[in-house]
Amino acid sequence: TDTDAARQRLALAQTALLSALVAGTPAPEGFDRRRLRVQSRALAAKRAAVVGRIAPELPAILGEEYRPAFLDYARHRPLRSGHRQDALDFAAHLLAQERPADPAARRQLTRWWRDRAGPKPPPARPAARLVRAVRLALHRR
């Protein structure tokens, strides 16, 4: 029917707009490309701030490099499985590119990612965290 066809067109237009805002695809016809880029950057910056609050170790490890690196990462990668997974994916992305350039920071990031990418989240208590770290170190031998 005409209503179904109109709904289908609207759904396609909404998908194109959302994709332009969060996945870096070209702006749909009829939209101001410059304004969409500004809004897209604002959404990516908000996403970086949320990930930084959820995983404060990332900005601490990466320092000044955190925000530009995250914005570069987020430009063509929409949020899929929540912000915690986004933090893990971001860290994995950096490590795959052999970043950060500082070897000590890269080791810290690797350790952070390994600790959180496993099947269980890290324990909250310091003593339990220490026991888990020792077990992991012994297991790697």
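The values are calculated or read from the model by the stated rules, or taken from the named source; none is laboratory data. Note that the structure is a prediction, hence the values are computed from the model and not measured. Virtual Cβ from ideal backbone geometry, glycine too; neighbours counted across all protein chains shown. Remember, those area values only see protein heavy atoms, side chains included, never the ligands or the DNA or RNA. Shrake-Rupley method; radii C 1.70, N 1.55, O 1.52, S 1.80 Å.
Results for (1) farther than 30 Å from residue 115 by Cα; (2) open to solvent by less than 80 Å² (accessible area, probe 1.4 Å); (3) modelled with pLDDT of 95 or more, shown as yes or no for each residue.
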site: 26; (1), (2), (3): yes, no, no
site: 37; (1), (2), (3): yes, no, no
site: 65; (1), (2), (3): no, yes, yes
site: 75; (1), (2), (3): no, no, no
site: 80; (1), (2), (3): no, no, no
Members of region 10-61 that are within 21 Å of the chain's Cα centre (by Cα) and either acidic (Asp, Glu) or at positive phi (or both) | 24, 57
Residue 7: open to solvent by 50 Å² or more (accessible area, probe 1.4 Å) and closer than 30 Å to residue 111 by Cα, yes or no?
-> no
Could you give every pair whose Cβ atoms fall below 7 Å, whose first residue belongs to region 20-35 and is part of a loop (DSSP other than H, G, I, E, B), and whose second residue is open to solvent by 70 Å² or more (accessible area, probe 1.4 Å), counting only separations of at least 6 or pairs across chains?
-> 23/76; 24/75; 24/76; 27/33
Starting from region 112-138, keep only residues that are within 23 Å of residue 90 (Cβ to Cβ), then list their pairs with residues that are at pLDDT 75 or above and open to solvent by 50 Å² or more (accessible area, probe 1.4 Å) whose Cβ atoms are within a distance under 6 Å, requiring at least 6 positions of separation or different chains.
-> 112/57
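State which residue is most open to solvent (accessible area, probe 1.4 Å) when the search covers only region 89-114 and only residues that are assigned to a helix (DSSP H, G or I) and among the polar types (S, T, N, Q).
Of the residues in region 89-114, the ones assigned to a helix (DSSP H, G or I) are 89-96, 103-114.
This time we only want the ones that are among the polar types (S, T, N, Q), so: 108, 110.
Details: 108: 87, 110: 35 Å².
Top of the filtered list is 108.
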Residue list for region 45-60, filter: exposed (fewer than 13 other Cβ atoms within 10 Å of the Cβ) and under 19 Å from residue 105 (Cβ atoms) = 56
